[in-house]
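Beneath this line is the structure, given in C-alpha cells, with notes to follow.
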Amino acid sequence: MNRHTATLSALALGLPLLLAGCATTDTTPSASPSPSASAPTGAAAWSYSGATDPGHWGDVSATCATGTAQSPININTADLNREPAQAPEIHYQASIFEVENNGHTIEAAPANHTDNYVVINGTQYFLQQFHLHTTSEHTIDGKHADLELHLVNKSADGAVAVLGVLFNAGEANQALAGLFDSMPKYVSADDHPEPIPGTLNPADLFPAGSEVLEYEGSLTTPPCTEGVHWNVYQTPGAISAEQLSAFQALYPKNARPVQDLDGRSVNEVPAS
Ligand SMILES: [Zn+2]
C-alpha cells in the first residue's frame, strides 16, 4: 500500500469532493488494515479453531474482545432501516490479478491498485484485494450462505469499505473460474503472489438487482479495527459444488462468528 499512497493522493487532489476529507487525515500512515491480512512478524498467531480461535482474538488485539461495532453480524430483514441511501457505484473492470494463500484465506489483489474503485456517498475507494470465507461470515435471518467474498476497498485518506457477496452451491461461477483454478495449495510464506491467467472482472461477481445491506462495522480478523463501511449484497450468487470444495479443501472453515449488534441498525439500500 505504501508505494501507492502518492498515486492515490495525487488522484484525490484532482477530485474536489475528496479535498475536505484529505486535508485533515491524509497524514495517516498506510498500515493497510485488511480483513485477512497476515499477522505481522512477531505478533501473536490467530486462527479459527483450537487455542487461538476467535474467542481468544482479544489476546492478539483488544478491540476484538472489547469493540462495540464488530463484524460480522446477523442481519434480520424484518428490522432493516428503509431510509433513502445510495448503493455503491461499482467502477470495476477486467484486470490482471495476483493470488496468494496467506494462511487464513485465499486472497487476490489487482496488479494495479488504481484500476478498480467504488464510489460511496461521494468518496472514491480503490480495490485493494478480495478474499474468501466459508461458511459466510454474515448471516441473513440466521442463515449462513456457503461462501462469502469480501472486496476490500480503501480511500485516499485510509477509510475502508468492504463489499460482501454471498454464494451458495449451484451453477459454476465463470467470473471466479480463474481464481478457483489458481489457488495456491501452500501458504505463500515469502509474500510472492502468483498471477491468475487472463483477466478477472470483479464487476461480474455481483448478483443482478440485489439490494444492499449497509452498516458500520469492523475488520472480521485481528486487529478487528472498527470504522469499516460494510455493504453486504442480499441476493446470493452461485458457485459450483466443485469450486466450493476446492476452497474448503484448503480452508474447511474460516468464518468469525456473528457479533453483537450493540444498538447498531442496518440500512436497506435499493439496487443501483
Ligand atoms: Zn473477509
Tell me, yes or no, whether the range 168-187 has at least one residue that is outside any loop (DSSP other than H, G, I, E, B), buried (at least 16 other Cβ atoms within 10 Å of the Cβ) and within 14 Å of the ligand (Cβ to nearest atom). no
Looking at TYR215, TYR186, TYR251 in this structure, which one is among the aromatic types (Phe, Trp, Tyr), touching a residue at least 40 places away in the same chain (Cβ under 8 Å) and farther than 27 Å from GLY103 by Cβ? TYR215
Could you figure out which of (1) part of a loop (DSSP other than H, G, I, E, B); (2) out of contact with any Phe, Trp or Tyr (no Cβ under 9 Å at 6 or more places or on another chain) isn't true of GLU100? (1)
Applying the selection to the range 212-253, what residues are aliphatic (A, V, I, L, M), away from the ligand (no atom under 13 Å from the Cβ) and farther than 20 Å from VAL187 by Cβ? VAL212, LEU213, ALA238, ILE239, ALA241, LEU244
Test for SER30: is it loosely packed, with under 15 Cβ neighbours inside 10 Å, modelled with pLDDT under 50 and part of a loop (DSSP other than H, G, I, E, B): yes
Under 8 Å between Cβ atoms, which residue pairs at least 6 apart in sequence (or on different chains) link something in the range 218-236 that is closer than 15 Å to LEU163 by Cα and of a type in the set (S, T, N, Q) with a partner that is within 12 Å of the ligand (Cβ to nearest atom) and assigned to a strand (DSSP E or B)? SER218/VAL228; THR220/HIS133; THR220/HIS150; ASN231/VAL162; ASN231/LEU163; ASN231/GLY164
Scope the range 152-166; condition away from the ligand (no atom under 15 Å from the Cβ) and part of a strand (DSSP E or B); matching residues: SER155
Taking first residues from the range 154-172 that are closer than 23 Å to ILE73 by Cβ and second residues anywhere that are within 13 Å of the ligand (Cβ to nearest atom) and among the hydroxyl-bearing types (Ser, Thr, Tyr), the pairs with Cβ under 7 Å that are 6 or more apart or on different chains are LEU166/SER136
Any hit, the range 43-63, residues being under 18 Å from the mean Cα position of the chain (by Cα) and at pLDDT below 95: no
Going residue by residue through the range 139-146, is there one that turns out to be under 20 Å from GLU226 (Cβ atoms), within 16 Å of the ligand (Cβ to nearest atom) and among the aliphatic types (A, V, I, L, M)? no
Identify, by number, the condition in (1) farther than 24 Å from PRO54 by Cβ; (2) touching a helix residue (DSSP H, G or I) at 6+ places or on another chain (Cβ under 6 Å) that LEU127 doesn't meet. (2)
Positions within the range 199-222 being open to solvent by 60 Å² or more (accessible area, probe 1.4 Å) and either in a helix (DSSP H, G or I) or not β-branched (Val, Ile, Thr) (or both), in sequence order: ASP204, ALA208, GLY209, GLU211, GLU216
Can you pull out every residue in the range 75-94 that is touching an Asp or Glu at 6+ places or on another chain (Cβ under 8 Å), surrounded by fewer than 17 Cβ atoms within 10 Å (Cβ to Cβ) and either among the hydroxyl-bearing types (Ser, Thr, Tyr) or within 19 Å of LEU149 (Cβ to Cβ) (or both)? THR77, GLN93
What's the number of the only condition in (1) within 14 Å of the chain's Cα centre (by Cα); (2) not in a strand (DSSP E or B) that PRO252 fails to meet? (1)
Filter pass, GLU89 being farther than 17 Å from VAL160 by Cα and away from the ligand (no atom under 16 Å from the Cβ): no
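The values are calculated or read from the model by the stated rules, or taken from the named source; none is laboratory data. All figures in this text were calculated on a predicted structure; none of them were measured in a lab. Counting neighbours? That spans all protein chains shown, and the Cβs are built from the backbone with ideal geometry, glycine included. Heads up: the accessible areas ignore ligands, DNA and RNA and are worked out on the full protein's heavy atoms, side chains in. Shrake-Rupley method; radii C 1.70, N 1.55, O 1.52, S 1.80 Å.
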